[in-house]
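Encoded as structure tokens, the structure appears first; notes follow it.
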Amino acid sequence: MEIKDSKILVTGGTGLVGSAIKKISPTYDYNFIFVSSKDADLTKYNETYSLFKKHEPDFVIHLAACVGGLFKNMNQKVDMFEINNLINFNVVKISHEFKVKKLICCLSTCIFPDKTTYPIDETMLHNGPPHSSNDAYAYAKRMLEVHCKAYQEQYNDNFICVIPTNIYGPHDNYSLDDGHVIPALTHRCYLAKQNNKPFRVLGSGTPLRQFIYSEDLAQLFMWTLENYNGKESLILSVGEKNEVPIKKVATEIAKSFNYEHMMEFDSSFSDGQYKKTADNTKLMNFIKEYNFIDINEGIKRSVEWFKDNFDSCRK
Ligand code: NAP
Ligand code: GDP
């Protein structure tokens, strides 16, 4: 079979990461199929099965998930647990039934143990309970890894997991309540400037995070599909030295809006996990060099995208 004839099904194809893969897809010689919940509700076995029957994919990049920032993880634990378990169960099981040649599933560095040594690496996923703020999401994602491993061991399926750090970029979810920190603060700063009010950052601003720009992550997904032959999970991240405090991110967002003078921190809100510093050595040993988009530049681009797409973006 020619590579150009092979089909890659991308679940969650309309989300932050799916949109980034879509953007770079014309540079690859595959037949990409990007799907969202409008094509099939993946929590339903029959709809998921029909989707696979319709497309008969060779490869699956599985991104679809019930996703959100710290406050969605804290306030919607049942959804984070049930929806993710259902989606993942169906996608993994049906990928096996349709003899998918490679399935790449997506975990997150926020599902690692809370009490741990740093930096976190791929071997440490199950070494202790996750942070209580996102335990429901974390355990659902950990079971995705267990499910993939089981298919590797019992059927020799090429089902693997990648583990990104915090992601940001165009097509994010800009919900004030449910979004991750960069899109939520982008929306907050936009409204603050419109109304000439303080730009309120939730929590103390001190927690540390590693942010990867969605288009960099999209390239790394494609690299994993084409080149990574390991069975173990792989962290996809910028390096440890690129870890930044939330305050830095808020400041860059405020700069992009030219609205730096009225930033304030509301410490009545949770900080979540202080840090989850991840080690990208395994990835870098494979790819040797990668020019990650700098956080200042990435935030500038993301804020511009938000301004240009304010009416239609998710919020
Ligand atoms: P996102 O922007 O929220 O997009 C979620 C996607 O999943 C959308 O395309 C959505 O389709 C689809 N989806 C949700 N429920 C579905 C259902 N029941 N049936 C079918 N499709 C459904 O998410 P993202 O930020 O791109 O995340 C992609 C992956 O990266 C996820 O697995 C997430 O856990 C992981 N991750 C994200 C981050 C981050 O910072 N964002 C960090 C680490 C890992 P609709 O548009 O139709 O709802
Ligand atoms: P996390 O990395 O999984 O914790 O998820 P987030 O992307 O939601 O980042 C959470 C961190 O950003 C915490 O330290 C929050 O206190 C801080 N933060 C500041 N303002 C906001 C906001 O408006 N929304 C969110 N989600 N987090 C915020």
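How high is the FRET efficiency between K307 and Y118 when r is their beta carbon distance and R₀ equals 30 Å, given to the nearest 0.05? All intermediate terms of the calculation are to be shown ahead of the outcome.
Details: r = 36 Å, r/R0 = 1.21.
Between K307 and Y118 the formula returns 0.25.
Per Stokes-Einstein, at 25 °C and 0.890 mPa s, what whole-number D in µm² s⁻¹ belongs to region 231-273, with the Kirkwood radius over Cα pairs as the hydrodynamic radius? Could you put the intermediate results ahead of the total?
Numbers: Rh = 13.3 Å.
This corresponds to a translational diffusion coefficient of 185 µm²/s.
With the cut-off at 1.5 for a/c, could you classify region 1-61 from its C-alpha gyration tensor as rounded, prolate or oblate? Present the calculation step by step, with values, prior to reporting the outcome.
Details: a/c = 3.22, a/b = 1.29, b/c = 2.49.
Cα axes put region 1-61 in the oblate bin.
Taking only DSSP H segments of four or more residues, each worth -39500 (n - 2.57), what value at 222 nm results for the chain once the sum is divided by all its residues, to the nearest 500 deg cm²/dmol?
Working: 10 runs with 129 residues, N = 315.
So the helix-based figure for the chain works out to -13000 deg cm²/dmol.
Against the longest principal axis of the chain, how steep is helix 181-195, in degrees 0 to 90 to the nearest 10, with axes from Cα atoms?
Between the helix axis and the principal axis of the chain, the angle is about 40 degrees.
Two decimals, Cα atoms only, Kirkwood Rh: what is Rg/Rh over region 28-158? All intermediate terms of the calculation are to be shown ahead of the outcome.
Numbers: Rg = 15.5 Å, Rh = 15.7 Å.
We get a ratio of 0.99 for region 28-158.
Taking one equal scatterer on every alpha-carbon of region 94-161, how large is log10 of I(q)/I(0) by Debye at q = 0.15, 0.20, 0.27 1/Å?
For region 94-161, the Cα-only Debye profile gives -0.52, -0.80, -1.14.
Just to confirm my numbers, what's the Cα centroid distance between region 49-128 and region 196-267 in Å?
Region 49-128 and region 196-267 have Cα centres spaced 21 Å from each other.
Grab the Cα-Cα distance for E153 and K197, subtract it from 0.36 nm times how many residues apart they are, and report the gain in nm with one decimal. Could the numbers behind the result be given before it?
Values: separation 44, 0.36 × 44 = 15.84 nm, distance 5.66 nm.
Computed gain between E153 and K197 is 10.2 nm.
With the Cα gyration tensor of region 127-213 in hand, give its eigenvalues times 5 under a square root as the equivalent ellipsoid semi-axes, listed largest first in whole angstrom. Before the final figure, lay out each step's value.
Numbers: eigenvalues 258, 44, 22 Å².
Those come to 36, 15, 10 Å.
Run the numbers on the chain and let me know its relative contact order in percent, using alpha-carbon pairs under 8 Å that are six or more apart. Mind dumping the intermediate values first?
Working: 597 pairs, mean separation 58.6, N = 315.
It comes to 19 percent, rounded to a whole number.
Can you give me the three principal axis dimensions of the chain from its C-alpha atoms, in Å, biggest first?
Reported extents, whole Å, longest axis first: 58, 41, 40.
With Cβ to Cβ distances under 15 Å as the rule, what net charge do the other residues near E297 carry (K, R +1; D, E -1)?
Values: positive: K248, K255, K300, R301; negative: E215, D216, E252, D294, E304.
Cβ neighbours under 15 Å give a net charge of -1.
Rank-order 285-291, 64-70 by packing density, defined as the average count of other C-beta atoms within 10 Å over each peptide's residues, highest first.
Numbers: 285-291: 9.6, 64-70: 23.4.
Answer by packing, highest mean first, reads 64-70, 285-291.
Consider just the alpha-carbon atoms of region 181-315 and return their Rg together with their Dmax, both in angstrom.
When restricted to Cα atoms, region 181-315 yields Rg and Dmax of 16.8, 53 Å.
Can you divide the C-alpha Rg of region 176-258 by 2.2 N^0.38 Å and report the result to two decimal places?
On the way: Rg = 16.3 Å, N = 83, 2.2 N^0.38 = 11.8 Å.
For region 176-258, the normalised Cα radius of gyration comes out at 1.38.
Taken together, the values in this text are just the output of simple stated rules run on the coordinates, not laboratory data. Given the structure is predicted, the values throughout are model-derived calculations rather than measurements. FYI the Cβ positions are ideal-geometry reconstructions off the backbone, even for glycines, and counts take in every protein chain you see.
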